[in-house]
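First the structure, in the form of structure tokens, and then the observations on it.
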Amino acid sequence: MQVPIKVVYRNLLPQYKEGIDAEVRLLADKLEKFHPAIISCRIVVEMPHKHHHEGNLFRTTITLNVPDKQIVVSREHPLSQIHENIYVAVRDAFDDATRQLEEYDLIKSRDVKTHDLTPHGIVSKLFKEQGYGFIESSDGREIYFHENSVLGGFNKLTIGTEVRFAEEEGEKGPQASTVKILRRPLPLTGRTDRISQ
């Protein structure tokens, strides 16, 4: 972690604090090993209510800062006798934190996949009679394609048609093996259309 782990104990009797400190730090270390991208981790273990007839109930709050997000887990179940045990309250909070980190990773991996899309560009040259053309890729390169690689029909292509393509190395350089039409160029203005009719 970029920032050292911070652990805060509130309203705990000394015997609880001494007993739980090693467990909290061990679980925090495991969490960091599970997810090395954690920037900072703040853990608060407290006894917010004192119920003499029900026993002491404990709350554990974990605040994690990871790139682009803050994850907050608060574990308190006043109706559950199981959380009269401070160790169970702490472990459950860390389990929840682990699950939320897994969800965070899943969302981040989806974001990466959506940004890692197949290359795109526009049709820059067309040789309809010969059955081939060229795409100007978004990074400025010229990519050859054959009419058989166009999904949806080679005849639907015009100069300026926006396409996505799968690139491979051909005999004479890069070529598009699959070309998918995204958007055709906008038609000319209405006045021009009327004149041409």
Practice task
Might you check whether a residue that is modelled with pLDDT under 90 and small (Gly, Ala, Ser) occurs anywhere in the range 39-52?
Solution key: no
Completion exercise
Taking the range 18-34 and keeping residues surrounded by fewer than 16 Cβ atoms within 10 Å (Cβ to Cβ), touching a residue at least 24 places away in the same chain (Cβ under 8 Å) and farther than 21 Å from residue 67 by Cα leaves 19, 23
Problem - Residue under evaluation residue 83, criteria (1) modelled with pLDDT under 80; (2) outside the structural domain of residue 63 (by TED's automatic domain parsing), criterion not met - result: (2)
Practice task
Output the residues belonging to the range 35-51 that are loosely packed, with under 13 Cβ neighbours inside 10 Å and either closer than 17 Å to residue 85 by Cβ or basic (Lys, Arg) (or both).
Solution key: 48, 50, 51
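The values are calculated or read from the model by the stated rules, or taken from the named source; none is laboratory data. Keep in mind the model is a prediction, meaning the values are calculated, not measured. Glycine gets a Cβ as well: all are built from the backbone with ideal geometry, and neighbour counts include every protein chain shown.
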